[in-house]
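Read the structure below first, then the notes.
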There are 2 protein chains.
Amino acid sequence: MTTPTIKYGRPVTTDGVPNVYAGAPVVPWTPPEPGIDNLGISSVDTFAVPGVGEYTVEFKGWVRVVRSTPTSDEWSNAEVYTNLIEMKMVGECEELGRITVTLNPECLSAGQIRTPFDPYAGEGPSAKACRMAVGAIFDMPKLGLKLMNREPIILTIDDVRSIPPAGAPGKGQIYRMMPLYDINAADDEPIAYLTSLRFAMGGYLAPEQM
Amino acid sequence: MTTPTIKYGRPVTTDGVPNVYAGAPVVPWTPPEPGIDNLGISSVDTFAVPGVGEYTVEFKGWVRVVRSTPTSDEWSNAEVYTNLIEMKMVGECEELGRITVTLNPECLSAGQIRTPFDPYAGEGPSAKACRMAVGAIFDMPKLGLKLMNREPIILTIDDVRSIPPAGAPGKGQIYRMMPLYDINAADDEPIAYLTSLRFAMGGYLAPEQM
């Protein structure tokens, strides 16, 4: 395994942290013991290719997220740090072919769950905000391209009432466009842009579903 | 000068690129020759310090931005890549003391100006979108702290009608909170969060104003 040289947030240890699979409870308003969550995920991403077109692709797959020991036993004060340690999502469209999304091993994809400074009316009174900064690789064999982002994709989930926020919808915070580079010519101009990303966390998966 | 190990975008050469100072024209709808723009900047940033409070600070200072050769002579097709090569902004508030913001030399702060894929009604028909991903250091000597971001701060300017977009207002695309880490304990938990950032580009400065 490559050691990431680019850290998008705080590292979280996986040493001695147990895997959590299907059947494990998700308890609302309760900071959980550390764990490696094995969860389903789906996403709808839009790619803009300059001069060619815009393509919206539905992805399905799974993630593995390691969670730190909460900073407090009390939900309202607890902060939990997270690292996205594995991801595989697959989608397809006619023009771009099959696309497989995995983590960029050069990057530590990292995030956290904490009480927001700006709670809004639609959120429960003790709801938390979840964020994760992700470095990904989009493998597009039909085009012979592997694309990578150089600004992390910021995935956010609001109104978080349990950890993990299984079943919750989320958004990639992309302002207008996020450049994607050919991993083999990363200092050249961007090949494509991610212009929208909406996702939903699934529930715990069984090991054989990963 | 440190060679950045973390590149937030495409590198732009400074070799043989002339400095541009006060007195230089800014011509609308015209892709300019490459240059290093020496520009004023002001910003209003809000910092949240968990358990302590939220502080809004006005900054003033300057930036140096190198621009690439445009990819086309025609405004509507032209793309220009940019690197923020130097920055100094100073602000102050009672609780945090004097704050000096400079670039993080570990990061290549990079961006681009191009026609957006999602033009909106308020923009001129040929307006461009400007974005820059920035790694910064916030030096707070009163608190004995230097804070850094690990997700780049995405500075954006819309409705760009000239390059550089001198005088234009912009925004830091921060969703709820962006963690800031103690540069001497960057793997520990965040010390503070940037919760809002609004800025305005100034015009060209004279060398003695830098």
- prompt: Which numbered condition trips up A:Glu208, out of (1) away from chain B (no Cβ under 14 Å); (2) of a type in the set (Asp, Glu); (3) in a loop (DSSP other than H, G, I, E, B)?
  reply: (3)
- prompt: Of the residues B:Ser76, B:Ser126, B:Ser162, which is closer than 20 Å to B:Pro28 by Cβ and touching a helix residue (DSSP H, G or I) at 6+ places or on another chain (Cβ under 8 Å)?
  reply: B:Ser126
message: For the list (1) in contact with an Asp or Glu (Cβ under 9 Å, 6 or more places away or on another chain); (2) closer than 30 Å to A:Ile6 by Cβ; (3) part of a loop (DSSP other than H, G, I, E, B), I need the number of the one condition that B:Val57 fails.
response: (3)
- request: State whether one or more residues within region A:128-141 are assigned to a loop (DSSP other than H, G, I, E, B), surrounded by 18 or more Cβ atoms within 10 Å (Cβ to Cβ) and within 12 Å of chain B (Cβ to nearest Cβ).
  value: yes
Residue selected from region A:161-173 under the condition surrounded by fewer than 21 Cβ atoms within 10 Å (Cβ to Cβ) and among the hydrophobic types (A, V, I, L, M, F, W, C), by the criterion farthest from the other protein chains (Cβ to nearest Cβ): A:Ala166
- prompt: If you check every pair at least six apart or on different chains, which have Cβ atoms under 9 Å apart with a residue in region B:1-29 that is free of Cβ contacts under 8 Å to residues at least 12 places away in the same chain first and a residue that is assigned to a loop (DSSP other than H, G, I, E, B) and surrounded by 15 or more Cβ atoms within 10 Å (Cβ to Cβ) second?
  reply: B:Gly16/B:Pro34
- request: Within region A:76-92, identify whether any single residue is free of Cβ contacts under 8 Å to residues at least 40 places away in the same chain and farther than 30 Å from A:Asp188 by Cα, and answer yes or no.
  value: yes
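Here's the yes/no breakdown for (1) assigned to a strand (DSSP E or B); (2) more than 8 Å from chain A (Cβ to nearest Cβ); (3) more than 13 Å from the chain's Cα centre (by Cα):
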site	(1), (2), (3)
B:Lys146	yes, yes, yes
B:Leu155	yes, yes, no
B:Asp159	yes, yes, yes
B:Asp188	no, no, yes
- prompt: Restricting the search to region A:62-86, which residues are part of a strand (DSSP E or B) and either surrounded by fewer than 20 Cβ atoms within 10 Å (Cβ to Cβ) or aliphatic (A, V, I, L, M) (or both)?
  reply: A:Trp62, A:Val63, A:Val65, A:Val66, A:Val80, A:Leu84, A:Ile85, A:Glu86
Total residues in region B:177-186, condition surrounded by fewer than 20 Cβ atoms within 10 Å (Cβ to Cβ) and either assigned to a loop (DSSP other than H, G, I, E, B) or touching a residue at least 60 places away in the same chain (Cβ under 8 Å) (or both): 4
Flag for A:Ile163 being within 16 Å of A:Phe47 (Cβ to Cβ) and within 19 Å of the chain's Cα centre (by Cα): no
task: Considering every residue within region B:87-110, establish whether at least one is touching a helix residue (DSSP H, G or I) at 6+ places or on another chain (Cβ under 6 Å), more than 10 Å from chain A (Cβ to nearest Cβ), at pLDDT 95 or above and surrounded by fewer than 21 Cβ atoms within 10 Å (Cβ to Cβ).
output: yes
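The values are calculated or read from the model by the stated rules, or taken from the named source; none is laboratory data. Predicted, not measured: the structure shown is a model, and the values here were computed from it. When we count neighbours, we look across all protein chains shown, and the Cβ atoms used for this are built from the backbone with ideal geometry, even at glycine.
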